[in-house]
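Heads up, the thing below is written out as structure tokens.
The values are calculated or read from the model by the stated rules, or taken from the named source; none is laboratory data. No experiment lies behind these values; they were computed from the predicted model shown. Backbone-built Cβ (ideal geometry, glycine too); neighbour counts: all protein chains shown.
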Amino acid sequence: MPYQMIGTRRSGTNLLRVMIDQLPGFSAPQSTHELEYFTPLVPYYPDLNVDSNFMQFIDDMCRCVELNPAKWDGVVLDRYEIFNLCRERSIVAIFDAINVTAALQVKGAKDWMSKCPNYINYAESFEQYWGEDIKYIYMYRDGRDIALSFTKAVAGDKHHYFIAKEWAKTQRAAQSLKRRISPDRFFSVCYEELLQDPEEVCRRTAAFLGQPYTPDMLKFYENKSAKIAAASSSLWENIASPINTNNSKKWLAQSNESDIHIFESVAGAELEMLGYERVTDYDLSFTVEEIETFSQINNSRKEKIMKTAHPDDMKRRNAQKAHADQVRIRLGVPDHIQYDGNMIHKKTVVGNSDQSTTTTTMA
């Protein structure tokens, strides 16, 4: 059975993933972003009803997984096996077959979870493909702590305005999905609760996954997948250590008043929806000129932090994009067609067009 973790990056999704991966009968590998890279390219592939064309698409997707910054240890993706597992000629079918193959090879398991929280954007396609068979784990965290984390991370936006817009949009999308599907298919995990009572949250999570709880979930830092991820990027280094129970509300001491006010003005309603209290008592409004200034600051901060990023980390992250770029050239994809990839390559959107929740449908 497939499970999809949804939410916002920097919200503890990787921590929960390695906890789940400790379950003997369940597979929860590192996220690989192949849907983000290849969904925009699908319309440019030649007729996928032709076996050779579909096999090429499978090879492109598998290669993207193989080039992931954090390797899937012990997984060998046989293209013909993936081909035979696909029940239709679509990107979701390939995604499914890849994860089914990995789960069987590593854990001998039938149940698996994809840990790419941004795949909330593909929920409509998941629903069309799996129907009632897919379930979701929604991980959420105080957006002000997420904003603080992103300002220090190698990936993602670096200005509270843009971080708040993306965070708010994701929370709305998750709540919309929750309202549309049956309660038994949607499970919410609060990051702050996970820090304070990890055993209880792990027990409830295991029950949702249909798995017996094991104390090994709390020894996640001994997991080989956790060690590989931690060694692959500074983004994931914390999962190689026991839980830091004080890793919340850092924004109170480390974020300046202006940044907090901007975040709460953009995403105050979503904070309150999730039970987080605001500390500012009125909303700011922003002119087009101010937003453009925010964008310039955001891009400047991105450039600055990229200069300090570890070269090996960047080399691993850029490998997937280089592969996707080669496919783009081969398919003749126009330059204006963009993909998000692993957030290193995500474009900042300026304007009002990204205020609403969007759902991507994949062929």
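A few comments on the model shown:
- Residues that are part of a helix (DSSP H, G or I) and either of a type in the set (S, T, N, Q) or touching a helix residue (DSSP H, G or I) at 6+ places or on another chain (Cβ under 7 Å) (or both) are absent from region 108-116 altogether.
- Checked against the criterion of being within 16 Å of residue 339 (Cβ to Cβ), in contact (Cβ under 8 Å) with a residue 60 or more places away in the chain and of a type in the set (Val, Ile, Thr), region 61-83 contains not a single residue that satisfies it.
- Any hit, region 61-84, residues being of a type in the set (S, T, N, Q) and modelled with pLDDT of 95 or more: yes
- Note on region 113-137: residues that are in contact with a Phe, Trp or Tyr (Cβ under 7 Å, 6 or more places away or on another chain) and either at positive phi or surrounded by 23 or more Cβ atoms within 10 Å (Cβ to Cβ) (or both) total 3.
- Residue match in region 169-187 (condition: assigned to a strand (DSSP E or B) and either within 20 Å of the chain's Cα centre (by Cα) or charged (D, E, K, R) (or both)): yes
- Qualifying residue in region 85-98 (condition: within 30 Å of residue 197 (Cβ to Cβ), within 20 Å of the chain's Cα centre (by Cα) and small (Gly, Ala, Ser)): no
- Restricted to region 142-159, and to residues there that are outside any helix (DSSP H, G or I) and modelled with pLDDT under 95, the residue that is farthest from residue 5 (Cα to Cα) is 158.
- None of 293, 358 is part of a loop (DSSP other than H, G, I, E, B) and either at pLDDT below 95 or not hydrophobic (A, V, I, L, M, F, W, C) (or both) except 358.
- If you go through region 27-73 and keep only what is crowded, with 16+ Cβ neighbours inside 10 Å and more than 26 Å from residue 316 (Cβ to Cβ), you end up with 45, 48, 54.
- Selected residue [out of contact with any Asp or Glu (no Cβ under 6 Å at 6 or more places or on another chain) and more than 21 Å from residue 88 (Cα to Cα)] from 110, 152, 135: 152
- Cβ-Cβ contacts under 6 Å between residues 6 or more apart (or on different chains), taken from a first residue in region 85-101 that is touching a residue at least 24 places away in the same chain (Cβ under 8 Å) and closer than 15 Å to residue 112 by Cα to a second residue that is of a type in the set (Lys, Arg) and not in a helix (DSSP H, G or I), are listed as 93/87.
- Residue within region 201-212 that is in a strand (DSSP E or B), in contact with a Phe, Trp or Tyr (Cβ under 6 Å, 6 or more places away or on another chain), in contact (Cβ under 8 Å) with a residue 24 or more places away in the chain and aromatic (Phe, Trp, Tyr) present: no
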